[in-house]
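A.B. asks: Questions regarding the structure given below will be posed in turn.
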Amino acid sequence: MSEKSKAVANKSSGAYSDHEYEKGLTVIHEDAVANPGIEPHRVRMTDKSEKHEKNAVRQVALLFSLSMLGSALALYAYFAFPISEDLTTVRINTLFLGVGITLGLLGIGIGAVHWAKTLMPDNEVSEERHLTRGSDEKRAAAIEIINLANQESGFSRRKLIRRTLYGSLALFPLPGIILFADLGPNLGDKLRHTAWKQGTRLTKDPYGSPIKASEVTVGSVFHVIPEGLNPDQEDYLEQKAKAAVLLVRVDQDELVETAERATWSYQGIVAYSKICTHVGCPVALYEQHTHHLLCPCHQSTFDLVNGCKVVFGPATRPLPQLPIAVDSEGYLIAQSDFHEPVGPSFWDRSVQQ
Ligand code: FES
């Protein structure tokens, strides 16, 4: 291989290498693809005929108006066809919402494309690449071009198109915004309160018969719900799930009570929320010898005689205690609701506990 052909090989491969190439392997590129240049401009009907131009304006305005109608339909459908228990209402609501939002979006999209294709100038232009920031003259020229484009596209001049475009753009996002209302009902302070109130009798789950303190012997466990929960009420399961309580009697001397909670028990009878503070399973197992309450889901273990503090497992809070007393007939009653939310911790517990 001659020095000349070797140099050509290296040059054409773009890198210098130690390898020698046989003469004839080197491909010397010539300009393989000729620049085709810009396609010749095709004159459109709207460029030639005022009648076609006016038609195109009406079509674009019609499409933007269709978008407005679609958005209005979606808004109307949201309120006119509310979702209820009946699955048909879900179908009707989503059908009209979908049709409205689709029309709202399609009207803007197709209208904008149709406007650009039929009415805006479609001359292709090219220019040499230049520095990112042009000179002041060029910037002034650019502004002139923008103004010219504005004039030619008729954005300022064609008020009908401009206003219908503004209208469709303004209305289109509204259906999307009102859909946020479906993220869920506002829970208010529902998570902080249960059906327990001052004077509510403790009753056996599920029969609802009140419990006398004298019935509760040492070592016995009762599953308890508040008196007055009606299985026919709409939120029965929700209320029961929050208010479920475990009632246990232990030897009073074994109870370790803080000064604040000294009056929350009655002669060794204590009541604690049955809802695990880990992720809400029912704490249902009571170990009489150790006084441990055990959650079967992930084995969180609570020390019943010591404020139901966590002694094992993933739960991070003690079970909330229900302050109890006895009424004039000897039945166990609640002194108040729980003093803290029951169940698993939720995100803003620390703010308003
Ligand atoms: S839900 Fe009770 S330990 Fe997980």
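Coordinate-derived values only; no laboratory data. Since we're looking at a predicted model, the values are computed, not measured. Please note: Cβ atoms are built from the backbone with ideal geometry, for glycine as well, and neighbour counts cover all protein chains shown.
Each row is one residue, and each column tells you yes or no for (1) more than 21 Å from I101 (Cα to Cα); (2) surrounded by 12 or more Cβ atoms within 10 Å (Cβ to Cβ).
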site: E127; (1), (2): yes, no
site: G134; (1), (2): yes, yes
site: I146; (1), (2): yes, no
site: S156; (1), (2): yes, no
site: K159; (1), (2): yes, no
site: L174; (1), (2): no, yes
site: A181; (1), (2): no, no
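A.B. asks: Among the residues of segment 283-334, which ones are free of Cβ contacts under 8 Å to residues at least 24 places away in the same chain and among the basic types (K, R)?
C.D. replies: The one that is free of Cβ contacts under 8 Å to residues at least 24 places away in the same chain and among the basic types (K, R): K309.
A.B. asks: Tally the residues that are surrounded by fewer than 13 Cβ atoms within 10 Å (Cβ to Cβ) and of a type in the set (A, V, I, L, M, F, W, C), restricting the search to segment 161-172.
C.D. replies: So the first thing to find is which residues in segment 161-172 are surrounded by fewer than 13 Cβ atoms within 10 Å (Cβ to Cβ), and the list is 163, 166, 170.
Next, from what is left, pick out any that are of a type in the set (A, V, I, L, M, F, W, C): 170.
Adding up the residues that qualify gives 1.
A.B. asks: Working only within segment 280-336, note down all residues that are surrounded by 17 or more Cβ atoms within 10 Å (Cβ to Cβ), of a type in the set (V, I, T) and within 14 Å of the ligand (Cβ to nearest atom).
C.D. replies: Answer for segment 280-336, where residues must be surrounded by 17 or more Cβ atoms within 10 Å (Cβ to Cβ), of a type in the set (V, I, T) and within 14 Å of the ligand (Cβ to nearest atom): V283, T301, V310.
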